[in-house]
1. Take the residues of the range 41-74 that are of a type in the set (A, V, I, L, M) and closer than 16 Å to M9 by Cβ: which is most open to solvent (accessible area, probe 1.4 Å)?
2. I'm checking my understanding of the structure. Among residues of the range 75-100 that are open to solvent by less than 70 Å² (accessible area, probe 1.4 Å) and in a loop (DSSP other than H, G, I, E, B), which one is farthest from A129 (Cα to Cα)?
3. Of all residues in the range 14-28, which are touching a residue at least 12 places away in the same chain (Cβ under 8 Å) and either surrounded by 22 or more Cβ atoms within 10 Å (Cβ to Cβ) or more than 17 Å from C135 (Cβ to Cβ) (or both)?
4. Any idea which of (1) free of Cβ contacts under 8 Å to residues at least 24 places away in the same chain; (2) out of contact with any Cys (no Cβ under 8 Å at 6 or more places or on another chain) is the one N118 doesn't satisfy?
5. May I ask you to verify whether V31 is outside any helix (DSSP H, G or I), open to solvent by less than 20 Å² (accessible area, probe 1.4 Å), farther than 20 Å from S115 by Cα and in contact (Cβ under 8 Å) with a residue 60 or more places away in the chain?
6. Inside the range 56-74, can you point out the residues that are touching a Cys at 6+ places or on another chain (Cβ under 9 Å) and assigned to a helix (DSSP H, G or I)?
7. Kindly indicate whether E48 is at pLDDT 95 or above, in a helix (DSSP H, G or I) and in contact with an Asp or Glu (Cβ under 9 Å, 6 or more places away or on another chain).
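The values are calculated or read from the model by the stated rules, or taken from the named source; none is laboratory data. For clarity, every value in this text was computed on a predicted model and none was experimentally measured. Using ideal geometry, Cβ is built from the backbone for each residue, glycine included, and neighbour counts are taken over all protein chains shown. When the accessible area is computed, the model is the full protein with side chains, heavy atoms only, and any ligands, DNA or RNA have been set aside. Shrake-Rupley method; radii C 1.70, N 1.55, O 1.52, S 1.80 Å.
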Amino acid sequence: MLVNDAYYMKEALEQAKLAAEKGEIPVGALVVDSESGEILAAAHNLRESNKSAIAHAEVLAIEEACKKRGSWRLHGCTLYVTLEPCPMCAGALVNSRIDRVVYGAKDMLAGCCGSVINFNSYPFNHSFAIEGGVCEDECRALLQEFFNKKRSEQI
């Protein structure tokens with residue numbers, strides 16, 4: 001883990017908290033220029049708000065970073081996300097050419113950076129470095145709190 005990984009994950013957690021305030025599953029993501037440390041994009045889940053299956057934090061952050069860079073290629077960037085990317089988001093990582101992914105909590109139901117599958121084990125034209133478990137307890141606790149609250153509201 002790089003010294004800055006925890007710093008950027010805390011920023012992604014702030015995005016996740018914004019999602020929770022909106023009733024969205026609390027996942028936050030950042031795209032960071034690995035060389036300069038500049039945050040190119042920050043986003044959180046907006047599936048419910050946008051009525052869109054693809055409005056995951058990672059996809060929204062990648063889209064914003066591409067616009068800021070003026071290119072669909074995000075070489076030299078790291079994606080920080082509070083929950084291990086799903087298949088769609090892992091595909092977006094491959095397609096955007098992101099160099100590195102740092103995630104907080106594992107997703108045992110849909111995680112594609114080692115939990116269910118590892119996208120890098122397939123012969124795609126791009127792979128990315130993976131670092132998991134950064135601020136894992138905080139990321140997991142935020143998700144558990146959200147789902148516990150949702151369950152208690154349904155009773």
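1. Selected residue: A42.
2. C86
3. Here is the first cut: in the range 14-28, the ones touching a residue at least 12 places away in the same chain (Cβ under 8 Å) are 14-20, 22-28.
Q15, A16, A19, K22, G23, E24, I25, P26, V27, G28, listed by residue number.
4. Exception for N118: condition (2).
5. It is true that V31 is outside any helix (DSSP H, G or I), open to solvent by less than 20 Å² (accessible area, probe 1.4 Å), farther than 20 Å from S115 by Cα and in contact (Cβ under 8 Å) with a residue 60 or more places away in the chain.
6. The answer is A57, E58, V59, I62, A65, R69.
7. Values: at pLDDT 95 or above: yes; in a helix (DSSP H, G or I): yes; in contact with an Asp or Glu (Cβ under 9 Å, 6 or more places away or on another chain): yes.
When the stated conditions are applied, E48 passes them.
For every residue, the table says whether it meets (1) modelled with pLDDT of 95 or more; (2) within 16 Å of P87 (Cα to Cα); (3) touching a Ser or Thr at 6+ places or on another chain (Cβ under 9 Å).
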| residue | (1), (2), (3) |
| --- | --- |
| Y103 | yes, yes, yes |
| D107 | yes, yes, yes |
| S115 | yes, yes, no |
| N118 | yes, yes, no |
| F124 | yes, yes, no |
| V134 | yes, no, no |
| L143 | yes, no, yes |
| S152 | no, no, no |
